[in-house]
Amino acid sequence: MSENSNQFLDALKQMQGVEVGDIVDVEVLDIEDGQIDVGVENAGVEGVITRREYTSDRNADLRDLVKPGDKFKALVLRRAGGDKENGEFFFSVTRLKEREAYDKLQKDFEDGNPVEGTVTSSVRGGLIVDVGTRGFLPASLISNRYVSDLKPYIGKTMKLKITEIDPNKNRLILSHKDLVEEEREEAFDKVASQLVIGDVVEGKVSRLTNFGAFIDVGGVDGLVHISEISYKHVDKPSDVLKVGQDVKVKVIGIDNDRHRISLSIKQTEPSPFEQATADLNEGDIFEGEVKSLTNFGAFVEVADGIQGLVHVSEISNKHVDKPSDVLKVGQSVKVKVLNIDPSDRRISLSIKAADSNASSENHNSRPRRSRNENSVNKKYMSDNDNGFALGDIIGDQLKDRK
């Protein structure tokens, strides 16, 4: 068979007919108001493409988009009524692009690949996103935090994950939150692997809440609870911190299961106890005021807000049944520092060791503390900056009044 015969047969095959659902090559014949007249190549079939079937821009001037002679592919939508020879069809470019987009999106969905899309508008409950076709991003899936204002997202390009796709129903649901969570977990694992509890690092305040401040440390947010912002009482984190502020924080907890990092600002600074006892040494003798009395001893103020315990056995060289028998609240006494425990923030004092009439042994050697005394101190001292449990102090005072 000759070459001309083969070409004729190929052309004949192409002219066998055009069916709804076919993808065909068309050529622009003319541009009218609101539609494009096209002809199917090698088929002798003509039809139209309306504005909405060529572009999503309802206000577009088709003459600015195409010109006679332009060729492209189109989807055969349906037959048009009329008695024209070979019939007449409506074609669509936008639906062809949507079909092609859905094919790609279906593969991305199956492979778990993220996609990029541009937010075109906001509707009730979420955002409309162009990802080659129209997708819906629910407000609850925009971020891992509550989003109240959708307008700032319009026009933005976002990386998204497909959560649901159904081409037959033209349904495409997207999520940005899922990607944020995945990226957050990856970032957490990376940062957490480089941190050790006790580390002091630089961070930036990223967000403030009523219960604390979130600090960005290496791309991951850690929480400084309101109780860890300052040694002083803080009503609201916003009273002492600002978003964007650089801060030094100490790592006090890492929860790998819940992907949380606990931080402290106050623990990077000397505590009131450390400040008050910076110039205080074991063996020092000074004047202090009796602040309270209990059955087991007297609390004497060492510095502003800081108290030390004079155990009942350290009040006098003589036997003392009750501290209130020989001491009064507000009384000024001379005390000697027996022990300073920075880790537990406790100070042990002695009046008898500071007594100028005491024996040389008491003056020149550090008094030995009995096992019982240590256990009493341990029992009645808390983790508060003054080193003692206020409830125990008040409780014993009430007992004394009975």
Checklist entry - Once phi is turned into ³J(HN,Hα) by the Karplus curve 6.51 cos²θ - 1.76 cosθ + 1.60 with θ = phi - 60°, what whole-Hz value does each residue of region 227-237 show in order, with x for glycine and proline? => result 6, 9, 7, 8, 6, 8, 5, 10, 6, 9, x
Checklist entry - With every protein chain left in place, what is the accessible area per residue of region 59-197 in square angstrom, probe 1.4 Å? => result 62 Å²
Checklist outcome for this item: With all protein chains present, region 251-336 has a carbon and sulfur share of its accessible area (1.4 Å probe) in percent of 41 percent
Item to check | Peptides 227-239, 204-216 ordered by average Cβ neighbours within 10 Å, highest first | outcome: 204-216, 227-239
Next on the checklist: I'd like the distance separating the alpha-carbon centroids of region 283-313 and region 42-76, in whole Å.
Outcome noted: 93 Å
Item to check | Protection-proxy order for peptides 161-168, 245-252, each taking the mean of Cβ atoms within 10 Å per residue, highest first | outcome: 245-252, 161-168
Checklist entry - Using the Karplus equation 6.51 cos²θ - 1.76 cosθ + 1.60 (θ = phi - 60°), what ³J(HN,Hα) coupling, rounded to whole Hz, does each residue of region 138-145 give in order, writing x for Gly and Pro? => result x, 4, 6, 10, 6, 8, 7, 10
Item to check | Spatially proximal lysines relative to Lys177 (Cα-Cα < 17 Å; intrachain offsets below 8 disregarded) | outcome: Lys156, Lys159, Lys161
Checklist entry - Sorted by mean Cβ packing within 10 Å, highest first, what order do the peptides 188-194, 93-99, 107-113 take? => result 93-99, 188-194, 107-113
Next on the checklist: Computing the accessible area with a 1.4 Å probe over protein heavy atoms, can you report the carbon and sulfur percentage for region 98-194?
Outcome noted: 44 percent
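The values are calculated or read from the model by the stated rules, or taken from the named source; none is laboratory data. Remember, it's a predicted structure, so these values are computed and weren't measured experimentally. Note that each Cβ is placed from the backbone with ideal geometry, even for glycine, and that neighbours are counted across all protein chains shown. Heads up: the accessible areas ignore ligands, DNA and RNA and are worked out on the full protein's heavy atoms, side chains in. Shrake-Rupley method; radii C 1.70, N 1.55, O 1.52, S 1.80 Å.
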